There are 2 protein chains.
Amino acid sequence: MQKGSEVAKNTMIKIGKVPASACKTLLKLGRDDPRRVIHSLKVGTALTLVSFLYLLEPLFEGVGQNAMWAVMTVVVVLEFTAGATLCKGLNRGLGTICAASLAFFIEFVAEKTGHKSRAVFIGTSVCVVGFTATYLRFVPYIKKNYDYGVLIFLLTFGLITVSSYRVENVLNIARERIYTIAIGCSICLLMSLLILPNWSGEDLHCSTVSKLEALARSIEACVSDYFSDKDKEVIEEEAETARDSIYRGYRAVMDSKSTDENLAHFANWEPRFSKNCHRYPWHLYVKLGGVLRHFGYIAVALHGCLESEIQTPRSVRSLFRDPCTRVATEVSKVLLELGTSIKNRRRVSPDVLSDNLHKALHDLDIAIKSQPRLFLGSNSANNMLANWKNDKEMSPRVTLPSVKTDVSALLSELRNKKVPEQSKDSKERKQLRPTLSKLAITSLEFSEALPFAAFASLLVEMVARLDLVIEHVEELGKAANFKEFTGIKDDL
Amino acid sequence: MQKGSEVAKNTMIKIGKVPASACKTLLKLGRDDPRRVIHSLKVGTALTLVSFLYLLEPLFEGVGQNAMWAVMTVVVVLEFTAGATLCKGLNRGLGTICAASLAFFIEFVAEKTGHKSRAVFIGTSVCVVGFTATYLRFVPYIKKNYDYGVLIFLLTFGLITVSSYRVENVLNIARERIYTIAIGCSICLLMSLLILPNWSGEDLHCSTVSKLEALARSIEACVSDYFSDKDKEVIEEEAETARDSIYRGYRAVMDSKSTDENLAHFANWEPRFSKNCHRYPWHLYVKLGGVLRHFGYIAVALHGCLESEIQTPRSVRSLFRDPCTRVATEVSKVLLELGTSIKNRRRVSPDVLSDNLHKALHDLDIAIKSQPRLFLGSNSANNMLANWKNDKEMSPRVTLPSVKTDVSALLSELRNKKVPEQSKDSKERKQLRPTLSKLAITSLEFSEALPFAAFASLLVEMVARLDLVIEHVEELGKAANFKEFTGIKDDL
């Protein structure tokens, strides 16, 4: 009995906590991006303004029942950013006007037929226009730019054509509706363009900067994690956090495709940056995003090196820590500088690709060449390492890689294990299979230096791709008329 | 004069061609996916059906002017797939009912106040509800599942509350509207669920299969391109096509995230596969899609090896052609088998990860170990290669890699070149910079075998990740109750 009441009590406490946690979530949403609160307030205000059309006597006499259409327009058109609102508002306007014209044309033709055949005519035309408009929405160009417009076209056409059958003065109704929709649209545009506007273009600009910064962070964390000589199990948790930050860094870049394209699409509708009759090159931001994703694949591959089943022994890796870390640091410095230049809307410094980077690459080259026997296979690598250790008095913390058994022996062992299993039932075999294959893979370690070679090769490839990123940032700077680089420190 | 008329003629011909090319695009759309034509026909039919409510006398007497709402519902709710229609229809229904309840509650409270204060009360409540609903749309969970419902809630609430100020029998109006919206929704559901339905789940299923096939193609093309010994410039075009197919293969996988999530979201609303009171595991398809993307990064990295600035000489690569090609072939065989098993809704064959794959990996291991001196640096590699050539009488087509000058010498040369440039104006320097850096990078070639080591390491990593893919396909097969593997060849 007491137990039951305790359970009930706990449940009550849990239920009691739900509103608190919901409140927390809601508050956090607002704190993360205060523009959300402002946008919500704007929608509330716009709705109240538009309902005045209905509530205030003199205004109501002007528009009448059609005030409803203004309410509808505000709810549907007012979007978070100015570009999206403009895009939807203009689409809605265009769709309504096209639909009204076509509807009147059909009404004009239908008027000349009898009552019955008129119904047939209207029914047929609705069907044909419905088919055509829906089919057009599959055309990629229309889908991308005018999907909403075609939807509104179909909606308005249906409403006007069908209602024209029983109403006399359709023209009047249509005119009044267009008025009220225009009122609704203008309230939306006022709210979104003039009062604390959120620009899609600004969002795109900032997200590009933050993507560059995230990549820089991700690469630096990756390389420092690869060469961290701390024991793996002792600080598993810490490593988890580090890897999480690596992941989040490049993930932000990888997943940005559709967001970027949407923002650029809406930004194209925004009038703000098109001074000098000169279209702002939003498409170059999208292109730069693509190049950054291409660059980001390297970060993914580096991360893959961290998580790979096959690992070069920590002791061998630590031989190359300094040059590799320096390459990564230099690359991330360049990325941060590119980010800063975009942030401040100025051209890239001409010596962004500094001598330091070349020097770091060169040192990495020398380091690898100075250890040629590392690439001879694990056993010779161990010998070499031991010699090297004696020569240079390495830190005592470095442990020798354990000598693995011969790969072919291990493989034949696996094969022997597998033969009797073939006679057992399939389920058990299935359970065993993944484990076996993993064993086979980790035992196949080629030369133990192979994974490190891949890592080093990725670093070099990364520098090559960095050039492409710089090229695109420069192209963007030129096309967007960023100010010249003066060499004076930007105030951030 | 004649020239002018010719230009005009050409322009006319061009304009004349526009309708023809538009027609071609439209026909192609339909031929690529005939379901588009069917969907468009369905929308046309549904619109005609719903307009009967208005056109036919007895039906009109039943619903009256409110028939408009049915037209609106059909246009907005009828979507391409059954799941999307259900999702929108139910969201619309739910939103309308919630909004109506809240609106009546507010009407009930407002009734007790005076005429003026009633207007203030209505205005305030519209503002507050508008703010709250818009803010709720930012909550990720609501945004994902109920965004459309909240929009309709706000729309209906605005319409009912505001119009209640001047209309007496709001309850009647609301009831009639709900009737007509229900009629519209049921026509939509009839059209999309019962007449030639398109299932989001089916789309998701098929796209998963085609992603597996695309990856298999992409990997095989990648490896065969890497080892193709044809001269680069002679068949540049052919290589272009091959690389294009590689790109398209993994691109389809990389870009699938949002499409997958949408399809799975809509598929969750579809009743079709939920027999035995058992939810079909659409989320596992999304999870598998994530794992495939993770696997796809390897394909991207392999492709990167093809396009890298630094290349292992073709002659060195060709030493490892056979084992590498065999690994890639086996991996793509496994991927194709996984695709077939999902396509036929049967469990994966227990020996999908065949001994052949292990053997191919093992051979690659032996091949690399048998050429240890390859990893000693370019010059020794050349010597080794020459020896090897004499030993084994290689095909005469293989050319020796040209002996490069020493890296440090090249670098110091570059540095000397750069010093006088510092005095020139910055623009010229900027023009030179990318070229210089590229030169520096390509001259820094480490051991020439390094890029190949990266390639081989990626192949091994790919096999490791293949395990993860198999695991997820098996999990999917188990959760979705695919039929047991019988060993009998599927009829495709």
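Residue-level check: of (1) among the aliphatic types (A, V, I, L, M); (2) farther than 25 Å from B:D147 by Cβ; (3) at the interface with chain B (Cβ under 8 Å from one of its Cβ atoms), A:M72 misses just (2). Here B:E111 fulfils each of the conditions (1) under 23 Å from B:E176 (Cβ atoms); (2) within 13 Å of chain A (Cβ to nearest Cβ) apart from (2).
Scanning the stretch B:321-349 for residues that are in contact with a Phe, Trp or Tyr (Cβ under 7 Å, 6 or more places away or on another chain), open to solvent by less than 20 Å² (accessible area, probe 1.4 Å) and of a type outside the set (D, E, K, R) returns B:C324, B:V348, B:S349. Taken over the stretch B:79-99, the residue count meeting the criterion of being under 22 Å from A:W69 (Cα atoms), among the aliphatic types (A, V, I, L, M) and surrounded by 21 or more Cβ atoms within 10 Å (Cβ to Cβ) is 1.
So which of A:S117, A:S125 is free of Cβ contacts under 8 Å to residues at least 12 places away in the same chain and either outside any loop (DSSP other than H, G, I, E, B) or within 14 Å of another protein chain (Cβ to nearest Cβ) (or both)?
On the way: A:S125 fails: free of Cβ contacts under 8 Å to residues at least 12 places away in the same chain.
Testing whether each residue is free of Cβ contacts under 8 Å to residues at least 12 places away in the same chain and either outside any loop (DSSP other than H, G, I, E, B) or within 14 Å of another protein chain (Cβ to nearest Cβ) (or both) leaves just A:S117.
Of all the residues that make up the stretch B:193-205, how many are touching a helix residue (DSSP H, G or I) at 6+ places or on another chain (Cβ under 8 Å), open to solvent by 10 Å² or more (accessible area, probe 1.4 Å) and of a type in the set (A, V, I, L, M, F, W, C)? Residues that pass the stated criteria total 4.
Scanning the stretch A:89-109 for any residue that is within 20 Å of A:L171 (Cα to Cα), part of a helix (DSSP H, G or I), touching a residue at least 12 places away in the same chain (Cβ under 8 Å) and among the polar types (S, T, N, Q) turns up at least one such residue.
Out of the residues in the stretch B:463-486 meeting the condition of being aliphatic (A, V, I, L, M) and facing chain A (nearest Cβ under 10 Å), tell me which one is nearest to B:K359 (Cα to Cα).
Quick first cut of the stretch B:463-486, residues aliphatic (A, V, I, L, M) only: B:463-464, B:466, B:468-470, B:473, B:476, B:479-480.
When the remaining residues are screened for being facing chain A (nearest Cβ under 10 Å), the result is B:463-464, B:466, B:468, B:470.
On the way: B:V463: 12, B:A464: 15, B:L466: 16, B:L468: 20, B:I470: 19 Å.
Of everything passing the filter in the stretch B:463-486, B:V463 is nearest to B:K359 (Cα to Cα).
Screening A:R31 with (1) out of contact with any helix residue (DSSP H, G or I) (no Cβ under 6 Å at 6 or more places or on another chain); (2) facing chain B (nearest Cβ under 9 Å) gives one miss only, at (2).
The C-beta contact set for the stretch A:240-268 (first residue touching a residue at least 24 places away in the same chain (Cβ under 8 Å) and closer than 16 Å to A:G304 by Cα, second residue of a type in the set (D, E, K, R) and open to solvent by 60 Å² or more (accessible area, probe 1.4 Å), distance under 6 angstrom, 6+ apart or interchain) comprises A:G249/A:R217. For the stretch A:165-192, filtered to residues that are modelled with pLDDT of 80 or more and among the polar types (S, T, N, Q), the residue that is surrounded by the most Cβ atoms within 10 Å (Cβ to Cβ) is A:S192. Take the residues in the stretch B:438-482 that are under 24 Å from B:S224 (Cα atoms) and outside any helix (DSSP H, G or I); name whichever of them is modelled with the lowest pLDDT. Only one residue fits best here, namely B:E445.
Can you pull out the residues in the stretch A:289-327 that are over 30 Å from A:D203 (Cα atoms) and at the interface with chain B (Cβ under 9 Å from one of its Cβ atoms)? Let's see the steps before the verdict.
Taking the stretch A:289-327 as the starting set, the residues that turn out to be over 30 Å from A:D203 (Cα atoms) are A:304-327.
Of everything in the stretch A:289-327, those that are over 30 Å from A:D203 (Cα atoms) and at the interface with chain B (Cβ under 9 Å from one of its Cβ atoms) turn out to be A:G304, A:C305, A:S308, A:E309, A:I310.
When you check A:V316 against the structure, is it of a type in the set (A, V, I, L, M) and within 30 Å of B:V460 (Cα to Cα), yes or no? Spelling it out, A:V316 is indeed of a type in the set (A, V, I, L, M) and within 30 Å of B:V460 (Cα to Cα). Got at least one residue in the stretch B:389-398 being at pLDDT 75 or above and more than 10 Å from chain A (Cβ to nearest Cβ)? No; the residues of the stretch B:389-398 include none that is at pLDDT 75 or above and more than 10 Å from chain A (Cβ to nearest Cβ). Scanning the stretch B:316-337 for residues that are hydrophobic (A, V, I, L, M, F, W, C) and assigned to a helix (DSSP H, G or I) returns B:V316, B:C324, B:V327, B:A328, B:V331, B:V334, B:L335, B:L336. Within the stretch A:29-59, the set of residues being modelled with pLDDT of 85 or more and among the charged types (D, E, K, R) comprises A:R31, A:D32, A:D33, A:R35, A:R36, A:K42. Looking at A:G64, is it within 25 Å of B:I160 (Cβ to Cβ), part of a helix (DSSP H, G or I) and out of contact with any Ser or Thr (no Cβ under 7 Å at 6 or more places or on another chain)? So A:G64 passes the test. Can you tell me which residue among B:A99, B:A103, B:A46, B:A8 is facing chain A (nearest Cβ under 10 Å) and among the aliphatic types (A, V, I, L, M)? Of the residues listed, the single one that is facing chain A (nearest Cβ under 10 Å) and among the aliphatic types (A, V, I, L, M) is B:A46.
Of all residues in the stretch B:328-365, exactly one satisfies the criterion of being farther than 30 Å from B:G201 by Cα and of a type in the set (V, I, T), namely B:T329.
Residue-by-condition table, conditions (1) at pLDDT below 85; (2) of a type in the set (D, E, K, R); (3) surrounded by 19 or more Cβ atoms within 10 Å (Cβ to Cβ):
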| position | (1), (2), (3) |
| --- | --- |
| A:A242 | yes, no, no |
| A:G249 | yes, no, yes |
| A:D255 | yes, yes, no |
| A:D260 | no, yes, yes |
| A:A264 | no, no, yes |
| A:V286 | no, no, yes |
| A:L292 | no, no, yes |
| A:L302 | yes, no, yes |
| A:C305 | yes, no, yes |
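The residue list A:T113, A:T48 contains one member that is touching a Phe, Trp or Tyr at 6+ places or on another chain (Cβ under 9 Å) and among the polar types (S, T, N, Q), which is A:T113.
The values are calculated or read from the model by the stated rules, or taken from the named source; none is laboratory data. Quantities reported herein were computed from a predicted structural model and do not represent experimental measurements. Neighbour counts are summed over all protein chains in view; Cβ atoms, including those assigned to glycine, are modelled from backbone coordinates with ideal geometry. For accessibility, only protein heavy atoms count, side chains too; no ligands or nucleic acids. Shrake-Rupley method; radii C 1.70, N 1.55, O 1.52, S 1.80 Å.
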